[in-house]
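The values are calculated or read from the model by the stated rules, or taken from the named source; none is laboratory data. The structure presented is a predicted model; accordingly, all values stated were derived computationally and were not measured. Glycine also receives a Cβ, built like all others from the backbone with ideal geometry; neighbour counts cover every protein chain displayed.
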């Protein structure tokens, strides 16, 4: 007899231990490693996934993406400057590679703080905007398929590592292009946070196929160590979000819940241009250094 699909052994992409099915979300199975507890999408994806998921709709039509990414420019640029200030405690500005740059607002915030930057972005419209409107050096392509010619003091991966379709290939490349003693800055969501546990499968970051993997402190540290990096510092970022983004994201995630229609009345009162601090309990950053 053929084995049932649920009995298929699938190794963890972080530590190669066996994994198990955790739950199903949006017709996709999410698995969890039996050892490091890393969570990941069961279905394998390839380079076409990037074109399908991160087209112009992702940046303009809300849902799991943005209701209007370019309108978030000031908020995202300020986020880049805050990270530049954080990095100044550990290093002087040098050359930075910004992966998943989108239109380049975080990269611009770093450049405004003294960094020399190169960005990589798979969405042609976003990369073109960054080059033509902001004067940034943003290359078009998926990082898994690009080999940057330069070497960098910092590889910046803010809100990008859960989206790599080939995690090991991406980080092998990131390790190669990092100078000896250089750094990785990673910002991602924490599936082991109180907020994630409270909402369970309705946690906002469980959004396959846009999001492919979900980290916690432990598995991200293991992954960095595997590629020759050690943790230097970790914390929770100060993050701001627009009213329009809140309404779009919360509305998309909770629209199928019966009681949400009552809450939606109050949600719609929020002005689109209102800037609100994100609690950040389920969000973290880590600074790693190449050993």
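Worth a mention:
- Of the residues making up the stretch 84-101, just one is in a loop (DSSP other than H, G, I, E, B), surrounded by 22 or more Cβ atoms within 10 Å (Cβ to Cβ) and touching a strand residue (DSSP E or B) at 6+ places or on another chain (Cβ under 6 Å), namely 101.
- Residue list for the stretch 170-202, restricted to those being modelled with pLDDT under 95 and touching a helix residue (DSSP H, G or I) at 6+ places or on another chain (Cβ under 7 Å): 202
- If you go through the stretch 108-119 and keep only what is without any contact (Cβ under 8 Å) to a residue 40 or more places away in the chain and surrounded by 21 or more Cβ atoms within 10 Å (Cβ to Cβ), you end up with 108, 109, 111, 115, 117, 119.
- Top-ranked residue of the stretch 121-144 - restricted to ones that are more than 17 Å from residue 55 (Cβ to Cβ) and surrounded by fewer than 20 Cβ atoms within 10 Å (Cβ to Cβ), ranked as modelled with the lowest pLDDT: 144
- Given (1) part of a helix (DSSP H, G or I); (2) under 19 Å from residue 40 (Cβ atoms); (3) in contact (Cβ under 8 Å) with a residue 12 or more places away in the chain, number of the condition residue 214 does not satisfy: (1)
Conditions (1) assigned to a helix (DSSP H, G or I); (2) at pLDDT below 95, marked per residue:
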| residue | (1), (2) |
| --- | --- |
| 109 | yes, no |
| 119 | no, no |
| 147 | no, yes |
| 150 | no, yes |
| 156 | no, no |
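- In the set (1) over 19 Å from residue 233 (Cα atoms); (2) touching a residue at least 40 places away in the same chain (Cβ under 8 Å); (3) crowded, with 20+ Cβ neighbours inside 10 Å; (4) more than 18 Å from the chain's Cα centre (by Cα), the condition left unmet by residue 178 is number (1).
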